[in-house]
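The values are calculated or read from the model by the stated rules, or taken from the named source; none is laboratory data. As the structure is a prediction and not an experimental result, all values here were calculated from the model. A quick note on method: Cβ atoms are made from the backbone with ideal geometry, for glycine too, and the neighbour counts reach across all protein chains shown. For the accessible areas, the whole protein counts, side chains as well, though only heavy atoms, and no ligand, DNA or RNA atoms are used. Shrake-Rupley method; radii C 1.70, N 1.55, O 1.52, S 1.80 Å.
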Amino acid sequence: MKGIITSILTVLTFTGLQAQSVPSTPRLIVGLTIDQLRTDYLESFSPLYGEKGFKRLWKEGMVYRNASYNFADVDRASAIASIYTGTSPSMNGIIGNYWLDTSTLRPVNCVQDLSFMGNYTDESSSPSQLLVSTFADELKIATQNNAMVYAVSPFRDAAILSAGHAANGAFWLNENTGKWCSTTYYADFPWWVSQYNDRKGLDFRIENIVWQPLLPSGSYTYLPEWRRDDFRYKFDDDRRNKFRRLITSPFVNDEVNLLVEDLLEHSFIGQDDVPDLLALTYYAGNYDRRSPQEYAMELQDTYARLDRSIEDLLTMLDRKVGLENVLFFVTSTGYSDPESADIILYRIPGGEFHLNRCTALLNIYLMATYGEGQFVEAYYNQNIYLNHKLIEQKGLDLAEIQNKAADFLIQFSGVNEVHSAHRLLLGAWTPESDKIRNAYHRKRSGDLIIDVLPGWRIIDDSHSYNNRVVRKAYSPAPLIFLSPHFRPEIIETPVTMDHIAPTIAQCMRIRAPNASASPPLYRHSLR
């Protein structure tokens, strides 16, 4: 009897498995990362939207409202690298847009590579500093290099890191000329991009582009603002910075769409049974890097225009490939540009933390303790780098010096915590230290990382572009999947972005990237 029951159960199980319809592998994956997109803004500004952009994604997609990164000090480059590798900077090596090269003691861009020249740019770039594979790489491997992989972004780091090591091409806007550019690292520079630059480039059109409110100014009532006047920006008025300014406006998203339209027309991406990948980046941050308090109306208009750009992109994909053949996901870089300090009028506690003064005093302390020498070799972006050669010559213990230096620095006004490399790598686990540890790479980060209190302004005299006001308020970011693989649903449960790569890999039935240890999200949400 037991044998009969077991046989019946086995038959029913396999019959049930066979009855389930498994969605076919998509022809095209489209990953859209929107720089600085926020869930709270996205939802608050919904009356500004049409029906076929964000509202369509919210209605037809699987929406995670609270997605975040599992490491500290997120910026655009580290976010993009995490999305496409499925792991944190501690493994993929991209700790930021820039870090200090310890061999030269100079900041280096995360995609800088002097071995390769640029196309339509004097920048030398490659993904060589990305230390692990991406799901774009794994797609290339799985299809024996037959998959087509392209990335289009306003930004060099985002284009190259999302394209990965094995892509057909990565294109970004040259902020000095307005041309779409690339690197000789990738096989060739397509003729259709050159044709676009020569016939339809932004430099031919920017003098006629004027940014005014898309909707009546009375529509923009969802952020407090001291003014309600209409704005008007003509980018060509500032001839020296006209392209840089446009790249920080919602018009740059339409520029991405224009090149994507040519790409879909001339590259035949998504037109056969071999799955392809298109990695895109939009911008949703503040105009000209100003604060929302200064440009509240512009920020709301940015989201209204962003909604139209997404509608245009979905329409274009449906017309060229068919959305039923597309796995489309949207997410955010999860950070915001630094804001200005709260003025004294409001009596918000704060102050100025000067990195150069801090490191000078630290060096004096270490000399008083261990003898003459330049113990502090350099500092960059809250990282302090010690002179390992000097410490070795003196026969001193590096871990001891790191910990003593941390204990000294914690006494400075404005310092919340100081993390030494030794304590990070070997110390006790806490949720906060885990995020710092995930952001730390032992060959690229400093010996000491200074955590400054919220409300304090960090002053870096050597690298003024790193000056910023510390703000640690939670900023919710969305993660949305639109595909036959996913059922429409709004999910409140928090998730982290390192799940995206294994989720896409599972949908495509390929390996996850080689450092991706997180499980896929979609197992419980398959149609």
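Couple of notes before you dig in:
- Degrees between helix 398-409 axis and first principal axis of the chain (Cα, 0 to 90, nearest 10): 80 degrees
- Shape of the range 413-484, Cα gyration tensor, a/c cut at 1.5: oblate
- In the range 280-320, inverting the average of 1/r over every pair of distinct C-alpha atoms gives 11.3 Å as the Kirkwood radius.
- Distance from the alpha carbon centroid of the range 37-51 to that of the range 365-385 works out to 48 angstrom.
- Sorting the Cα pairs of the range 368-527 by distance into bins of 5 Å, from 0 upward, gives 1, 7, 12, 15, 14, 12, 11, 9, 8, 5, 3, 2, 1, 0 percent per bin.
- Counting Cα-Cα pairs of the range 89-137 in 10 Å increments starting at 0 gives whole-percent bin shares of 23, 50, 25, 2.
- A DSSP coil position with no more than 10 other Cβ atoms inside 10 Å describes the following chymotrypsin sites (Phe, Trp or Tyr not before Pro) in the range 196-272: W226.
- Accessible surface of the chain, 1.4 Å probe, proportion on carbon and sulfur as whole %: 51 percent
- Directionally averaged shadow of the range 162-266, computed from the convex hull of its alpha-carbon atoms, nm²: 8.9 nm²
- Extension gain from K472 to Y370, taking 0.36 nm per residue of separation minus the Cα-Cα distance: 33.1 nm
- Cα-Cα over 30 Å, subset of K52/K140; K443/K472; K140/K242; K59/K179: K52/K140; K140/K242; K59/K179
- In Å, descending, principal axis extents of the Cα set of the range 140-206: 42, 23, 16
- When each of the peptides 178-188, 141-151 is scored by how many other beta carbons lie within 10 Å of its residues on average, the order from highest to lowest is 178-188, 141-151.
- Probe 1.4 Å, accessible area per residue of the chain, Å²: 44 Å²
- Helix-derived mean residue ellipticity, 222 nm - over the chain, DSSP H n ≥ 4, -39500 (n - 2.57), to 500: -10000 deg cm²/dmol
- Qualifying GluC sites (Glu not before Pro) in the range 286-389, where qualification requires a DSSP coil assignment and no more than 14 other C-beta atoms within 10 Å, comprise E372.
- D by Stokes-Einstein for the range 22-79, Kirkwood Rh over Cα pairs, 10 °C, 1.306 mPa s: 112 µm²/s.
- GluC sites (Glu not before Pro) restricted to DSSP loop in the range 389-474 with at most 11 other C-beta within 10 Å: none
- Globularity ratio of the range 453-508, using Cα Rg and 2.2 N^0.38 Å: 1.83
- In summary, the range 279-410 shows an alpha-carbon radius of gyration equal to 1.77 times the 2.2 N^0.38 Å reference for compact globular proteins.
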